[in-house]
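As structure tokens, the structure follows; a few thoughts come after it.
Every number in this text was worked out from the coordinates using simple rules, so none of it is lab data. Only a predicted model underlies this, so the values are computations on that prediction, with no experimental measurement involved. Positions of Cβ are backbone-derived with ideal geometry, glycine not excepted, and every protein chain shown enters the neighbour counts.
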Amino acid sequence: MTHTEIRDKFLKFFEERGHKIVPSFSLVPENDPSVLFTTAGMQPMIPYLLGEIHPEGKRIANSQKCFRAQDIEEVGDNRHTTFFEMLGNWSFGDYWKKEQLNWIFDFLVNEAKINPQNLYITVFAGNNQIPRDTESVQIWKELFKKVDIEAVDLENAEQEGMRNGRIFYYSDKKNWWSLSGTPEEMAVGQPGGPDSEMFYDFGNTEQHDFEKYGPACHVNCDCGRYLEIGNNVFMEYQKQANGSFKPLPQKNIDFGGGLERITAASQNQSDIFSTDFFETIMEAVKKHVTKPLDGERSLRIISDHLRASVFLISEKLRPSNKDRGYILRRLIRRATMHATLRGGDKYPFMEIFDSIIDTYKDTAYYSEINANREEIEKVLHEEAQRFSSRIREGEEHYLKFGKKISGEEAFLLEQSYGFPIELLKELAKRDGKEIDETRFRKEKEQHQEISRAGAEKKFGGHGLLMDTGELKAGNEEELKKATRLHTATHLLHASLRKVLGPDVHQAGSDITSERLRFDFTFPRKMTPEEIKRVEDMVNEAVQKDYSVTKEELSYEDAIKSGALAFFKLKYPPKVNVYSVGDFSKELCGGPHVSRTREIGKIKITKEEAISAGVRRIRATVE
Ligand code: SER
């Protein structure tokens, strides 16, 4: 069965069961500057999950274009893509678990022709607030019985493996769904709930590397044997300010399943790039990219990145140096890099673009692709050409380097030719050369320091920044701790800008009495040295026992004094500006400690990517 047939059958199946089929929302969310892209089918449905009336009724289904920038680095294996289609159906306070699980099982087994012997299920084990989902377990057992399978339910698969079980209980780390993740990670007001996920077993046992993936292979393990093909979310709770959960006014179903993955399961093909979905695309890539940087991995990266770019450009996004445009630029550049295109080579991408657009040309659902063919190809072509010419010049320099490439040489290449270190590393590997990466990073840091000093002069020594975070605390004691963490967040923000440069901007903040969480723009992973420097800088500021002062200014005056404002926010006419000595100055609602020694010692516990170009730090205070 082809992917087109599966998409059509899904929509028809749910239409026959009373659902209105709606178009895909755009990938670039309209009217929502807080998120870069649509990452799940439910994202545009949030108002209806919270109780607003959907004009088309209580039963909706669609196939939604999704893009997950945080998966860029994962692409290249048999199952990750940045762009994918999510088949979805929703009940807004209408049907519940029994209908949903019956229908979806029927669809997978009888319509998509997926062998039920290879299907496995996970359910929510319960936590101290929300009970275990025994109702779903009963329903699943009956469904499997109908196809002569006795579905045994088991705990603790992470440690003990599959043991001939069929249904597995997992904690809220795995079987809970909200846009931000676990119950703990959710923001106040967000909807979420327990979920029941469906997995397909490809039977490829050789992939489980015990050191990498843990003591047992189980449905949720990352080795790639089991692939999640769908998720039934029982969206029935809303997070409260004190961390507890309140039932939503209605019980909702939110189902989402990746079309690429359901197709892979239907075709029993563990590599989604070998399904009919990517057939013509991969063929064109193989034909035209004769010297991929990293073999099969590169071919997949090129297919994925160009496909995502086609969709993004069809929505009028253009490559640029910031936000969404930067991510698009990065996709095209990475594809170009993996194709080892050098300016002047015969340009091979045109037919690849064609093959992508042709894959969707008969799908009325995405007519924007075919309708914008020329424009899409022009934008892609120009960006790829520009980049490939630049890296050709860089490569000429690279060829002059000896077996050992110094940090200065590597940095010069990046600085003057935009020749990414990632590409340099791949070339060096190919040619058996060595790069002094430690020195390279030092060079880069020094450079950033110089540009920071320049920027500080321009802003009169202060960044005046906006805090968009929230403080979550239940009682007096917790509020005190959250307040210490709040002031620590300001110090952290200022320190990050001092160490990493003035391009660092706040992208989010979330504070509980246990920890702070701070999101900021920065294009790569921080080095352990950088993390340590930031942590030390915050602790030094604490030790200096700065006093924290507040002044009320008109928004204009605050800005005039050199404020960097978060332009996407609406500000009241009067704003509070909190200063911590001369170390930090931010627009903020408070509350804060009065002197920095009250904060105690901070410790950065984690630094990670949350999407391309956005990092997240977690820290605690002692
Ligand atoms: N929202 C859920 C997911 O994205 C199911 O649609 O997995």
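Backbone phi angles across the stretch 400-406, fed through the Karplus curve with coefficients 6.51, -1.76 and 1.60 (θ = phi - 60°), yield HN-Hα couplings of 7, 5, x, 5, 10, 9, 6 Hz in residue order; Gly and Pro are listed as x. As a rough footprinting exposure proxy, the listed residues HIS218, HIS505 were ranked by other beta carbons within 10 Å of their own, and the order from fewest upward is HIS505, HIS218. Near the amide H of LEU154, within less than 5 Å, lie the amide hydrogens of ARG166, ILE167, PHE168, TYR169, all on another chain or at least 5 residues away, with H placed in the peptide plane. Of the residues LEU328, LEU227, the one with the fewest other Cβ atoms within 10 Å heads the list, and the complete ranking is LEU227, LEU328. The ranking of GLU586, GLU160, GLU185, GLU414 by Cβ neighbour count inside 10 Å, starting from the fewest, reads GLU160, GLU185, GLU414, GLU586.
Run lengths n ≥ 4 of DSSP H only: what is the helix-derived mean residue ellipticity at 222 nm for the chain, with -39500 (n - 2.57) per run over all residues, to the nearest 500? Please list the in-between numbers first.
On the way: 19 runs with 242 residues, N = 622.
That calculation yields -12500 deg cm²/dmol at 222 nm.
So how do 427-433, 480-486 stack up, highest first, on mean other-Cβ count within 10 Å? Could the numbers behind the result be given before it?
On the way: 427-433: 13.9, 480-486: 21.6.
So the peptides 427-433, 480-486, ranked by packing, come out 480-486, 427-433.
Going down the table (LYS444/LYS550; LYS498/LYS606; LYS287/LYS378; LYS65/LYS378), which pairs top 31 Å between alpha carbons? Among LYS444/LYS550; LYS498/LYS606; LYS287/LYS378; LYS65/LYS378, the Cα-Cα distance tops 31 Å for LYS444/LYS550. Applying the Karplus relation 6.51 cos²θ - 1.76 cosθ + 1.60 with θ = phi - 60° to the stretch 60-76 yields 3J(HN,Hα) values of 10, 9, 6, 10, 9, 5, 10, 9, 10, 5, 5, 8, 3, 5, 7, 4, x Hz, where x marks Gly and Pro. When peptides 97-104, 111-118 are sorted by average Cβ neighbour count within 10 Å, with the highest value leading, the order is 97-104, 111-118. Across the stretch 30-182, the relative contact order, built from alpha-carbon pairs under 8 Å that are at least six residues apart, equals 17 percent.
When the charge dipole of the stretch 119-251 is built from unit charges on Cβ atoms (+1 for Lys and Arg, -1 for Asp and Glu) and taken about the Cα centre, the candidate among CYS217, VAL152, ASN232 whose Cα reaches farthest toward its positive end is ASN232. Normalised by the number of residues in the stretch 226-337, the mean separation of alpha-carbon contacts (under 8 Å, six or more apart) gives a relative contact order of 16 percent.
Of the trypsin sites (Lys or Arg not before Pro) found in the stretch 141-196, the ones in coil according to DSSP and having at most 15 other Cβ atoms within 10 Å of their Cβ are ARG163, LYS173. A simple charge model with +1 on the Cβ of Lys and Arg, -1 on the Cβ of Asp and Glu and nothing else charged puts the dipole of the chain at about 1280 debye relative to its Cα centre.
Taking θ as phi - 60° and the Karplus parameters 6.51, -1.76 and 1.60, the scalar couplings of the stretch 311-320 work out to 5, 5, 5, 4, 9, 6, 6, 10, x, 7 Hz in sequence order, x denoting glycine and proline.
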